[in-house]
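Heads up, the thing below is written out as structure tokens.
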Amino acid sequence: AQSVTQLGSHVSVSEGALVLLRCNYSSSVPPYLFWYVQYPNQGLQLLLKYTSAATLVKGINGFEAEFKKSETSFHLTKPSAHMSDAAEYFCAVSGNNQGGKLIFGQGTELSVKP
Amino acid sequence: GAGVSQTPSNKVTEKGKYVELRCDPISGHTALYWYRQSLGQGPEFLIYFQGTGAADDSGLPNDRFFAVRPEGSVSTLKIQRTERGDSAVYLCASSLRGDTEAFFGQGTRLTVV
């Protein structure tokens, strides 16, 4: 069985500050891990994904995430927050034998203060 | 270059009624997924099609929910005898194959009153 836990349903940062959104996973098979972003009234957009190549993954809009097997974590970071980063962020996991079916965390809402 | 299209964008129905939600995947994508997103929650997997067949329907909550994809393209999610608890955003996604990136539509917001 697979699961994802996102620590913190709401995170607030100041513009220009570091963004850190936490994700821990549980998986009985080597996981594929994803971060998606959802802007209001829009669909989910893939930010980045880990598929067992490099452990540090770079995505769009300056975001990156590091896969740490020993900590079962896949935290999302961005060095400097921008107002346009305000959105809901979802971490997700899939197994390599589950046909792309994704198990999502509950989401973290990121607010960016001017 | 259209993305995944879902119709209607909003649907309000009365408790006990039947509803159909439509998903048009990206052309050529063989895999199609339905998810349900309740308020304040992450998307929850419902069903996965590979071509015309349901490869995994383990997420369908009960027998009131059914989905079809008769020609391997458009899919319809059908909900019978709707209940207030069915109110949610229903998301559809498609991917080129089952092991490649999934692209999501904007969802259908279903409200059962």
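Listing for the model above:
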quantity	calculated
Heavy-atom accessible surface of chain B: percent carbon and sulfur, 1.4 Å	47
Residue-span extension gain [B:L96 to B:T7] - 0.36 nm each, minus C-alpha spacing	29.9 nm
Spatial separation of Cα centroids for the range B:33-50 and the range A:54-86, in angstrom	24
Per residue solvent-accessible surface (Å²) - the protein assembly as shown, probe of 1.4 Å	48
Solvent-accessible area, 1.4 Å probe, carbon plus sulfur percent, for the range A:48-110	49
About the Cα centre, charge dipole magnitude for chain B (Lys/Arg +1, Asp/Glu -1 at Cβ), debye	400
Long-range HN-HN contacts of A:L47 with modeled amide H, under 5 Å	A:W35, A:Y36, A:V37
Interface size A-B, as summed buried accessible area [1.4 Å probe, Å², nearest 100]	1400
Mean separation of Cα contacts under 8 Å (6+ apart) over length of the range B:16-113, as relative contact order %	33
The range A:53-114: C-alpha pair distances exceeding 20 Å, %	36
Nonlocal amide H pairs with A:E109, under 5 Å, H built at 1.01 Å	A:H10, A:V11, A:Y89
Burial of 30 Å² or greater, the range B:2-43 residues [accessible area, probe 1.4 Å, versus chain by itself]	B:Y35, B:Q37, B:Q41, B:G42, B:P43
Cβ-defined net charge surrounding A:F74, 14 Å radius [Lys, Arg +1; Asp, Glu -1]	+2
Karplus-derived 3J(HN,Hα), 6.51/-1.76/1.60, for each residue of the range A:10-17, Hz, glycine and proline x	9, 10, 10, 9, 8, 4, x, 8
Whole-Å semi-axes of the ellipsoid equivalent to chain A (Cα gyration tensor, √5λ, descending)	24, 14, 12
Diffusion constant of chain B at 37 °C, which comes from Stokes-Einstein with the Kirkwood Cα-pair radius and 0.692 mPa s, µm²/s	237
Volume per residue of the C-alpha convex hull in the protein assembly as shown, rounded to whole Å³	122
Taking chain A and dividing mean pair separation by its residue count, relative contact order in percent (alpha carbons under 8 Å, at least six apart)	38
Rounded to whole Hz, the Karplus (6.51, -1.76, 1.60) HN-Hα couplings of the range B:77-84, x for glycine and proline	9, 10, 10, 9, 6, 4, 10, 4
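The values are calculated or read from the model by the stated rules, or taken from the named source; none is laboratory data. A quick note: this is a predicted structure, and the numbers were derived from the prediction, not measured. Reconstructed Cβ throughout: ideal geometry from the backbone, glycine too, with neighbour counts over all protein chains shown. Heads up: the accessible areas ignore ligands, DNA and RNA and are worked out on the full protein's heavy atoms, side chains in. Shrake-Rupley method; radii C 1.70, N 1.55, O 1.52, S 1.80 Å.
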